[in-house]
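In what follows, a single structure is set out as structure tokens and then discussed.
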């Protein structure tokens with residue numbers, strides 16, 4: 001049975017929902033935050049002939065016109081906005097994204113602690129090249145005076161990219177659409 005051309009343009013509900021949730025039901029342009037009312041394909045539907053979450057963004061009517069019709073927003077910018085949302089929603093904090101941006105330009109940056117960078121550390125994208133400041137926590141039993149918990153936390157350190165981190169940055173610069181698969 002042949003389907004009408006319009007049927008192929010319909011974005012399935014599950015994909016629409018995933019894209020809206022990813023964008024917080026707002027325009028993908030960070031400074032806009034207008035409630036998203038339209039969906040745009042990063043690579044035009046006429047070229048890919050399919051709907052995927054990785055290729056669709058939420059836009060307000062104004063930014064959709066600026067992107068698709070007026071061409072005042074280019075594809076690279078829209079893809080960057082999409083990648084930023086993937087980072088924010090799926091893996092890394094804004095602070096961790098800033099660390100990665102700095103490390104894409106510098107060999108070493110001062111990071112403010114293992115808790116603030118735990119996802120980057122856990123994923124093996126950065127490592128602690130030198131600890132600058134630590135804080136220790138000791139908990140003792142009041143009746144016996146015995147230490148029941150003792151730990152040291154890194155508060156600031158020199159962060160450097162691992163080989164895996166360098167590969168991640170290369171893929172990020174090359175605008176790989178499913179960047180988190182690099183991890």
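Where a number appears in this text, it was derived from the coordinates with a stated rule and is not lab data. A quick note: this is a predicted structure, and the numbers were derived from the prediction, not measured. Using ideal geometry, Cβ is built from the backbone for each residue, glycine included, and neighbour counts are taken over all protein chains shown.
Taking 82, 166, 49 in turn, the Gaussian network model of the chain (Cα-Cα springs below 10 Å) assigns the largest fluctuation to 49.
On full extension of the chain, what length is gained from residue 68 through residue 18, given 0.36 nm per residue of separation minus the C-alpha to C-alpha distance?
Length gained between residue 68 and residue 18: 15.8 nm.
Exposure proxy for 45, 149: other Cβ atoms within 10 Å of each Cβ, ordered fewest to most, give 149, 45. With an 8 Å cut-off on Cα pairs and a minimum separation of 6 or more residues, tell me the relative contact order of the chain in percent. Taking the mean separation of contacting Cα pairs over the length of the chain, I get 16 percent. Adding -39500 (n - 2.57) for every DSSP H run of four residues or longer, then dividing by how many residues the chain holds, sets the calculated 222 nm ellipticity at -9500 deg cm²/dmol. Shown here is the pair-distance distribution of the range 8-90: with all Cα-Cα distances grouped in 10 Å bins from zero up to the longest one, the shares run 19, 58, 23, 0 percent.
With respect to the chain, whose longest principal axis is taken over its alpha-carbon atoms, helix 163-173 is tilted by about 30°. Counting other Cβ atoms within 10 Å as a rough exposure proxy, the listed residues 117, 13 run 13, 117 from fewest neighbours to most.
When the Cα convex hull of the range 94-182 is projected onto planes of every orientation, the mean area is 7.0 nm². The tail of the calculated P(r) for the chain beyond 30 Å holds 38 percent of all Cα-Cα pairs.
Spin-label model, residue 136/residue 26: points 7 Å from Cα along the beta carbon direction are separated by 4.4 nm. By the beta-carbon count within 10 Å of each Cβ, the least crowded to most crowded order of 95, 81, 10, fewest first, is 10, 95, 81.
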